[in-house]
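Have a look at the structure below, then the notes.
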Amino acid sequence: MTALKIIVCAKQIPDPEAPLSDVSVDAENLEVIVDAPQVISPFDENALEAAVRIKEASDAHISVLSLGGKVSDTVLRKTLAAGADELILLEDDAFEKLDSHSTAAALMAAVRKIGAYDLILTGRQAGDWDSGQVGLILGELLDIPCIHLAREIAVEDGSVMVKKSLPDGYERVKAPLPALVTVSNEVGELRYISRTKMLKMIRGARSIPSWSMGDVGVEEDALQKMGISSLSSPPDMGRDCRLLEGSPEEQAEKLVEVFMSLR
Amino acid sequence: MNDVLILAEVKEGSLDLRTLELFGAGKRLAGNSGGFSVVLLGDVVSGAADEAASYGPDTVYKVEHPLLKGFQPDLWLAALEQACREIEPKVLLMSHAFVGRELGPRLACRLNTRLTTDCIDLSMDPEDGRLLRTKPVSGGNAISVFKCPGEPQMATVRAKVFSPHEPGTGSGATVEIQPKIDESMIRAESLEVVKEDVVALDKADVVVAGGAGLGEEDGFELLEELAEALRKPFGNVMIGCSRVAVDKGWISSDHQVGLTGTMISPDIYVAVGISGAIQHLVGMVHSKKIVAINTDPACNMFKVSDYGVVEDYEEIVPALVEKLKEVS
């Protein structure tokens with residue numbers, strides 16, 4: 001049996017778990033400025049974890065595709081350390097701030113350039129724009145079966161078997177390969193990667209291919225921007241926090257008083 | 001002429017509350033000059049269609065087919081696509097919930113238009129009549145307004161931001177659309193639906209929630225003790241959690257609070273070992289009182305809390321349980 005070919009789409013974003021104080025809005029230039037390290041979008045890490053588990057269960061080759069205006073292979077080499085076999089950057093100024101449809105179209109072009117594949121995994125949504133569209137649109141554009149919100153994924157006899165999260169349980173869904181599955185966080189977090197392994201991968205001599213718009217054969221005219229017409233800061237959510245002092249017993253006593261006063 | 005079309009959803013035999021909110025949004029969008037219409041999919045939708053008609057839409061479109069029993073995404077998508085091509089709405093709204101989250105992007109792609117998800121406000125640009133779609137981005141760190149090309153102009157709408165529409169006088173027409181669907185269109189086949197007991201976090205008076213700061217799965221046992229001690233004075237107390245706690249496999253996702261979990265506003269929210277990523281905060285920041293327990297005094301959670309305890313939860317929670325037992 002030949003190795004299963006899996007493609008994982010992973011987006012690089014500023015750390016969405018960053019403290020509030022690190023985020024500001026530049027309304028004039030329509031930019032959200034996040035003064036935080038770049039990371040892989042959390043649900044995309046879940047998708048990669050799902051791929052690595054499939055690889056552990058059977059012979060598989062994992063390619064990671066990452067699209068953006070500027071993509072850092074330092075951040076994304078983590079995917080190789082976690083078990084991906086290949087990392088391809090899709091990097092072009094023209095890829096900056098694309099709408100979901102155009103992002104999916106560019107990814108489709110890259111998928112076609114990669115060639116044969118069996119399974120595409122994406123996160124359910126990205127942690128920056130929280131749109132939740134690119135994976136599903138990519139499935140539509142490629143005209144392949146699409147399963148949304150996986151909490152468990154396995155490949156058996158040319159089919160993908162998915163436990164799809166429902167509001168009140170789950171559904172077991174089966175689709176023939178090739179197929180696309182969007183991954184939810186119930187899959188579990190990306191495995192731990194030791195610092196040594198991580199540094200070795202970052203400093204490694206391995207060269208990472210970077211494809212431009214032209215390399216994947218996409219015309220700039222076919223790409224649309226997100227169409228932001230204005231950007232603002234959210235209403236202030238802050239409250240004046242009263243810190244309770246003293247020993248744990250004293251703090252507990254004060255907190256119980258607070259609770260009882262709210263009854 | 002159809003200005004605003006709303007995909008209505010049925011829950012336990014009647015229109016979902018989220019659908020009534022969409023009617024409110026649709027009516028407001030259409031303004032004085034236009035109206036809104038409703039599309040219903042299912043195997044039998046007559047009851048729901050009559051109910052929808054009582055809210056005063058221009059038209060109720062019934063898309064009935066035996067294969068539309070239950071939500072099979074491939075078939076619902078095909079049927080809805082056909083309905084949209086026939087109705088040609090200018091604007092199409094869906095709830096940002098299970099069905100809309102999946103159908104929205106796929107339908108937008110098939111109709112070659114653009115969708116904005118999870119909108120908290122909608123209005124028409126008076127200059128060009130285009131839909132202005134307001135949506136929180138960066139997990140809620142910023143609010144963006146989008147204007148996109150294509151028709152229908154599509155949006156999924158966040159729960160509880162629009163008031164439900166009041167029933168009006170029903171005089172609208174009912175139109176039947178016969179979808180051309182068959183079993184060969186099913187690409188992802190459902191083998192089994194497994195119901196699980198899930199917590200209805202949005203019904204809780206008090207939520208005791210844990211995050212990465214618990215350090216281990218067993219931390220939730222301590223939180224359950226606290227929840228139990230709070231049940232006597234408060235009644236409906238449930239356990240919540242952050243996304244990280246689910247990712248780590250400590251607790252099931254029905255307990256998750258935040259952007260991709262449940263959005264709640266209980267009387268009291270007790271956040272234990274949750275630093276407060278913005279995607280979590282947006283799900284609980286409207287709680288009436290917020291109590292934070294965390295070892296890091298600089299964490300986000302204290303900034304949105306009314307009361308804070310900077311202490312190891314393993315010290316403070318047992319003490320709290322003891323004191324609560326004493327007073328109640």
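The values are calculated or read from the model by the stated rules, or taken from the named source; none is laboratory data. Since we're looking at a predicted model, the values are computed, not measured. We place every Cβ from the backbone using ideal geometry, glycine too, and count neighbours over all the protein chains shown.
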Check your understanding: How do the pairs read when you match residues in region B:56-76 that are surrounded by 22 or more Cβ atoms within 10 Å (Cβ to Cβ) with residues anywhere that are of a type in the set (Lys, Arg) and assigned to a helix (DSSP H, G or I), using Cβ under 6 Å and keeping only pairs 6 or more apart or on different chains?
Key -> none
**Study point:** Residue that is surrounded by the fewest Cβ atoms within 10 Å (Cβ to Cβ) [pool: residues in region B:147-190 that are within 14 Å of another protein chain (Cβ to nearest Cβ) and touching a Pro at 6+ places or on another chain (Cβ under 6 Å)]
**Key:** B:Arg187
Point to revise | Criterion (within 11 Å of another protein chain (Cβ to nearest Cβ), among the hydrophobic types (A, V, I, L, M, F, W, C), within 16 Å of B:Leu5 (Cα to Cα) and outside any strand (DSSP E or B)) met by exactly one of B:Leu80, B:Leu107 | key: B:Leu107
Practice item. Starting from residues that are touching a Gly at 6+ places or on another chain (Cβ under 9 Å) and assigned to a strand (DSSP E or B), keep the ones in region B:191-224 and report whichever is farthest from B:Ile239 (Cα to Cα). Key: B:Val193
Practice item. Would you point out the residue of region B:297-317, among those that are surrounded by fewer than 18 Cβ atoms within 10 Å (Cβ to Cβ) and over 16 Å from A:Leu244 (Cβ atoms), that is nearest to the other protein chains (Cβ to nearest Cβ)? Key: B:Ala298
Revision key, fill the gap. Over region A:99-157, the set of residues of a type in the set (A, V, I, L, M, F, W, C), farther than 15 Å from B:Leu103 by Cα, within 11 Å of chain B (Cβ to nearest Cβ) and within 13 Å of the chain's Cα centre (by Cα) is A:Ala126, A:Trp129
Revision key, fill the gap. Reported set for region A:106-130 where residues are closer than 20 Å to A:Ala222 by Cα, crowded, with 21+ Cβ neighbours inside 10 Å and small (Gly, Ala, Ser) is A:Ala106, A:Ala110
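Yes/no matrix, rows are residues, columns are (1) over 30 Å from A:Asp99 (Cα atoms); (2) of a type in the set (Lys, Arg); (3) out of contact with any Ser or Thr (no Cβ under 7 Å at 6 or more places or on another chain):
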site	(1), (2), (3)
B:Phe23	no, no, yes
B:Ala30	no, no, yes
B:Tyr55	yes, no, yes
B:Val60	yes, no, no
B:Asp74	no, no, yes
B:Cys84	no, no, yes
B:Cys109	no, no, yes
Check your understanding: Any residue at all in region B:250-262 that is crowded, with 24+ Cβ neighbours inside 10 Å, more than 9 Å from chain A (Cβ to nearest Cβ), in a strand (DSSP E or B) and modelled with pLDDT of 95 or more?
Key -> yes
Practice item. Please tell me if B:Glu102 is acidic (Asp, Glu), surrounded by fewer than 18 Cβ atoms within 10 Å (Cβ to Cβ) and more than 12 Å from B:Met154 (Cα to Cα). Key: no
Check your understanding: Counting only residues that are more than 19 Å from B:Ala173 (Cβ to Cβ), assigned to a helix (DSSP H, G or I) and under 23 Å from the mean Cα position of the chain (by Cα), how many does region B:51-77 have?
Key -> 6
